[in-house]
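These notes are about the structure you will find just below.
The values are calculated or read from the model by the stated rules, or taken from the named source; none is laboratory data. The model shown is predicted, which means the values in this text are computed figures rather than measured ones. Virtual Cβ from ideal backbone geometry, glycine too; neighbours counted across all protein chains shown. Note: areas computed on protein heavy atoms with side chains; ligands, DNA, RNA excluded. Shrake-Rupley method; radii C 1.70, N 1.55, O 1.52, S 1.80 Å.
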Amino acid sequence: MADIDVGLMRGTLDLLILKALTWGPRHGYGVVEWIEHATGAALQIGEGTLYPALHRLEAQGWIEAEWGLSENNRHAKFYKLTAAGRGQLRTGLSAWQQFVESASRALHATASPRTA
Amino acid sequence: MTDRGDWTRVFRLGVGARHIERDVDQELEFHIAMRTQKLVGAGFAPDAARAKALERFGDIHTIRDSCLDIDHQRERAMRRTNYLSNARQDISYALRTMRQNVGFTAVVLLTLALGIGANTSTFTLIDAIVLRTLSVPHPEQLVTIGDPARTGGMSDGSVRNDIVSYPLFADVRDQSKSLRGIYAAGRTSRLDLLAESGQKEPEHPRGRFVSASFFSVLQVPAALGRTFSPDEDKVPGGAPVVVISYAYWLTRFSGDRSAVGRSITINGVPLTIVGVSASTFKGDIVGQRTEIWIPIMEQQALMPNSPWLDDRSKSWLQMMGRLAPGVTLAQAKSEITAIENRSMLDHVAAGERAGTEQNIREGPLRVESGARGFSYYRKLLAAPLFILMAAVSVVLLIVCANLANLMLARASARGREMSVRMALGANRLRLVQQLLTESLIMAIAGGALGVLLAIWGSSALIALTGGAEIAAHLDARVLAFTALLSLATAILFGLVPALRATRVELSEALRAQGRGVSNAERGTGKFGLGKMLVVAQVALSVLLLVGTGMLVRSMQRLQRTDIGAARDQLVLVEVDAQRSGYKDARLSSLVADLISRATQTPGVTAASVSENGIFSGSESATSIRVEGFTPRTDDDSAIAYDDVGPAYFSTIGAHLAQGRDLDARDNQAGAKVAVMNATAARYFFPHGSAMGSHITMDSATYEIVGVVSDVEGGDLRAKPVRRVYLPMAQRRSPPGQFYLEVRTSGNPAHLSESLRHALSAADPSLALRVKTLSELVDDSIAQDKLVSRVVSVFGILALALAALGLYGVMTYATTRRTSEFGLRMALGAEPADVMRLVLGEAMLLVVGGVIVGMPAALGAMQLVKNQLYEIGLLDWPSLALALIVLSASAALAGYLPARRAARVGPLVALRES
């Protein structure tokens, strides 16, 4: 998993983060927990790499941040989806899906297609 | 981790840099803490848990830096958009306010345009004459050798180094290693140019003799044809070519390409135009245009009776060179000084060696940066322009004070609005920004209008300089100056009112009874800012008015000063007979002929002749031995002299203190006589009379037969010099160039034409220049006229502005106190009492301004003492006049508000509260 192209990783990570926030605001740690839980703890990237992604998404306007109190009364920065972010998630998801399908088709091909 | 207390969702605007770092640290720390907590719950020891949490986190430093980078960038972008939207908002708000108060805006813009325009005009002149460098490549490498102001000088006699002879120039050119190239340039006599075949009337372009390296040293290419090559320096008379200036090519030859290669004649000598200089090149003299450049080698061909090329005693050239790479100005100076001194001493006659050595000691060679070229006008106008710039800055300060007062009054009227906005959370800085934007826009608009005004203004100023030929360009430097000035003006008159308007006490402002801002804040209280500004304006006006008074009176004195001759009844005719080849006997009979023709012209009462004309720019000097006088230094025997014709003194109206005038019997056959002027007589004969004593000059001895009261030679301001007059007929040979003095019975200006007509009849080929003496004297004080006239205009302007300012403040102040006045009158005061009250306050401000302004004025006048002619610093008439004018204006300015205050009906007034 550590060998996967960072660009691909980043795009996927962004989608995962956006998806994580679909059910309401979470702080960074909460997003990490959700991703670990939802992907079955398969993604073993350093947890911290999430944070630059979060800040970047905030700068791009897909998510917005607010400081608040966590479940155990600690001061934490909560992120939530913006309307633009929701749209971005939708389009990103279908694009990702298309990519995965066509890549899968190619990778599982048994015979080389006729070249002209 | 620090808790923020009870804030649940704090709405945070604006993020500061430290904020950003704190937030990121806090966020990451939260994550680590949560993971640690989870691990502790899973059974790890606290330290181990934290270490494992950090390990799982990843490279915290890189991550922190990435987050900080992203956040800082975002912050910067936000701030930028903020600024832009703020600025846009401010500008549209300011424009709207300006449109809503059209009258106010118009007054402000007009005042600004006048103030800034006057400054720009003056600066344009200063830029053109004093600051601008020659439009040639690398002007900083150029050096002038000699006196850069003597652009038209010619001296015959002892060797000099401010202007040099051709052989001396050749020595420097051949021996100097510190200069990469050097050229010499000198004046031409009047040029008679015939450019078209069949042309009868010659034209007289402005020409300059230059050595062949002129264009190559200045690195000026030809726009058409070619410039001079080294061939043009080889043989006298062997370079019959000229180069014309681009401007002259356009105006005289209509830009016709066939002008190059055309044959023309100048002074009867055939020459060919070989080229047109580059369009950007305006010559090497600032303030005088040159239309045609002629090789020095042609000097004797064009002026056949004045062979100057081989003569070391004829000094007429200025020199300019380009420094060789790596050579400094100081090195060049010492090398060239050594070369010139050696050359001068090598070729000097034995008897004159000591004199030459003394000249060298007393007049060291001037070698200076030539970046700004030669200029006669720069030296002449430097001091006057400084005075003008100072005066016009004072006017601008008054303008700023006026505008500041206006802005103060307006801003305080919006005091309540400001305080409410600030109470609702508006940033004070924001509000000040908004108010400043308005000032800035008005200043920029006023500045732009001012630039337009300056186009006219600078032409007017140039016209007053008395002959300087400058194109007043609004070049980049001038525009930059105007922009800077507008900015400074905006800050000067906008900042303090903006700060004042936003410095309000909330409680005071919202008080129902109150009028918004206290009187002191508003600036109309006893020592309010507004009143201080008026006092400042009055002080500055006093400065200008006193200056105006003194300069105008000085000018009047100059114009009426006694020059020792009949100033308003003399015409001077400059005659150049040398060009036409007159010599010896032919010359003497020509002179006699001209004098008789002049006397026969109707309206002429007498005529005479002299070698040097009064106020005509020429002078002769020599040293004499005086019987019974022992000189201590060489200077003591120096004396100016003039060769004059019969009845000279009675013709020019000079007063003979002793003895007689020179007359017809003082010729070759008669005894040699001379007349001394009073200064010389007092100097050489302090204890007795000069009459009958003998003087020796140029190996001839003369007896003094008369002493004449001093006649001013050419400079009204200079102390009179020692002068002796000798009969022209007794001199070895009459001069080829001389002046006729013609005394008229009526206005000499009316006779110029008929006189010229009568004289040309003697020989139409003679070069004549006719001018009245009063014209010549006025020309010599043109710069003083410039200063006094322009400063007067500024003085009046300043007075008007100060009066306006006073009027504005008094009106505002009295309006505020309407209820008070109504109360007073209801309690029995007469309208006259109220008027006296208001007028008294106005006069108090004026008195304050005078107390501050008078010492400042006297101090300033001390600086320009040299400009004042026979006017002491405590010139009571000027001071009194300034005070009277100021008081009258102040009284007028205060009268209207006073009257309005007195007219208020008590009921109306009381109702206003």
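Points worth noting:
- Net charge in the neighbourhood of B:Ile871 (other residues with Cβ under 9 Å of its Cβ; Lys, Arg +1, Asp, Glu -1) is 0.
- Gain on full stretching of the segment that runs from B:Leu858 to B:Gln89 - 0.36 nm per residue minus C-alpha separation: 272.0 nm
- Threshold 50 Å² - residues in region B:64-83 whose accessible area is reduced by that much or more when the chain is no longer isolated, probe 1.4 Å: B:Ile70, B:Arg74
- In order through region B:617-630: 3J(HN,Hα) via Karplus (6.51 cos²θ - 1.76 cosθ + 1.60), integer Hz, x for Gly, Pro: x, 10, 8, 10, 9, 7, 10, 10, 9, 10, 4, x, 10, 9
- Hull shadow area, averaged, region B:160-228 [alpha-carbon convex hull, nm²]: 6.7 nm²
- Solvent-accessible surface of region B:134-271, taken per residue with a 1.4 Å probe and all protein chains present: 42 Å².
- Spacing of the two label points (7 Å from each Cα toward its C-beta) at B:Arg899 and B:Lys234, in nm: 8.8 nm
- Per-residue average of Cβ from other chains inside 10 Å of A:69-80: 4
- Label-point separation, B:Ala829 to B:Asn427 (7 Å along Cα→Cβ), nm: 4.7 nm
- In this view, the solvent-accessible surface of B:Leu54, computed with a 1.4 Å probe and all protein chains in place, comes to about 60 Å².
- Semi-axis lengths, Å, region B:161-293, gyration tensor of Cα atoms, sqrt of 5 times eigenvalues: 26, 16, 14
- Positive contributions from Lys and Arg (+1) and negative ones from Asp and Glu (-1), summed over other residues with Cβ under 14 Å from the Cβ of B:Leu858, come out at 0.
- 222 nm mean residue ellipticity, helices alone, for the protein assembly as shown (DSSP H n ≥ 4; -39,500 (n - 2.57); rounded to 500): -17000 deg cm²/dmol
- Share of carbon and sulfur in the accessible area of region B:105-198 stands at 56%, probe radius 1.4 Å.
- Positive-end residue of A:Gly46, B:Ser623, A:Thr91, charge dipole of the protein assembly as shown with Cβ unit charges: A:Thr91
- Compactness of region B:402-505 is given as radius of gyration and Dmax, 18.8, 65 Å, from Cα positions.
- Centre-to-centre, using Cα atoms only, region B:763-780 and region B:721-750 are separated by 13 Å.
- Sequence-ordered 3J(HN,Hα) estimates for region B:894-902 from the Karplus curve with 6.51, -1.76 and 1.60 and θ = phi - 60° stand at x, 5, 4, x, 4, 5, 4, 5, 6 Hz, glycine and proline given as x.
- The Rg/Rh ratio for chain B, using Cα coordinates for both the radius of gyration and the Kirkwood hydrodynamic radius, is 1.13.
- Inter-part distance where region B:639-675 and region B:339-406 are each reduced to a Cα centre, Å: 38 Å
- Chains A and B together, accessible area buried on both sides, 1.4 angstrom probe, square angstrom: 2600 Å²
- At 1.567 mPa s and 4 °C, Stokes D of region B:207-271 from Kirkwood alpha-carbon radius, µm² per second: 101 µm²/s
- Whole-Å distance, taken between Cα centres, linking region B:45-105 and region B:588-632: 87 Å
- Protection proxy ranking for B:330-340, B:55-65, B:350-360, using the average of other Cβ atoms within 10 Å per residue and placing the highest first: B:330-340, B:55-65, B:350-360.
- Note on B:Glu619/B:Ala106: beta-carbon distance plugged into 1/(1 + (r/R0)^6) with R0 of 51 Å gives a FRET efficiency of 0.35.
- Average Cα contact separation per residue, chain B, under 8 Å, 6 or more apart, as relative contact order %: 14 percent
- Cβ-Cβ FRET estimate between B:Leu487 and B:Glu29, R0 fixed at 41 Å, reported to 0.05: 0.30
- Zone residues, region B:378-412, relative to B:Arg477, backbone N less than 19 Å from point 7 Å out along Cα-to-Cβ: B:378-390, B:393
- Unit charges at the beta carbon, dipole of chain A: most positive-side option, A:Phe78, A:Ala111, A:Val100: A:Ala111
- Pairs over the 19 Å Cα-Cα cut-off, from the set B:Lys177/B:Lys333; B:Lys177/B:Lys234; B:Lys672/B:Lys719; B:Lys282/B:Lys314: B:Lys177/B:Lys234; B:Lys672/B:Lys719; B:Lys282/B:Lys314.
- Backbone HN-Hα couplings from phi across region B:449-465 [Karplus 6.51/-1.76/1.60, Hz, Gly and Pro as x]: 4, x, 4, 4, 4, 5, 4, 6, x, 5, 4, 4, 4, 4, 4, 7, 6
- Using a probe radius of 1.4 angstrom, the carbon and sulfur fraction of the accessible surface of region A:35-89 is 51%.
- Subtracting the Cα-Cα distance of B:Arg289 and B:Ser760 from 0.36 nm times their residue separation leaves 166.7 nm of extension gain.
- 5 angstrom amide H check on A:Phe78, placed H, neighbours 5+ away: A:Glu66, A:Trp67, A:Gly68
- Computed from Cα atoms alone, the Kirkwood hydrodynamic radius reported for the protein assembly as shown is 37.4 Å.
- Solvent exposure of region B:524-575 amounts to 35 Å² per residue of accessible area, where only protein heavy atoms count and the probe is 1.4 Å.
- For region B:527-679, the alpha-carbon radius of gyration amounts to 1.66 times the rule-of-thumb value 2.2 N^0.38 Å expected for a compact globular protein.
- For region B:211-288, the Cβ-based charge dipole about the Cα centre amounts to some 200 debye (Lys, Arg positive; Asp, Glu negative; other atoms uncharged).
- By the Stokes-Einstein formula, at 1.567 mPa s and 4 °C, region B:778-913 with its Kirkwood radius over alpha-carbon pairs has D equal to 75 µm²/s.
- Among B:Thr120, B:Ser369, B:Gln730 - extreme Cα towards positive end, dipole of the protein assembly as shown, charges at beta-carbon: B:Thr120
- Surrounding net charge for B:Gly181, when Lys and Arg each add one and Asp and Glu each subtract one, Cβ distance under 10 Å: +3
- Accessible-area value, B:Asp475, 1.4 Å probe, nucleic acids and ligands omitted, Å²: 40 Å²
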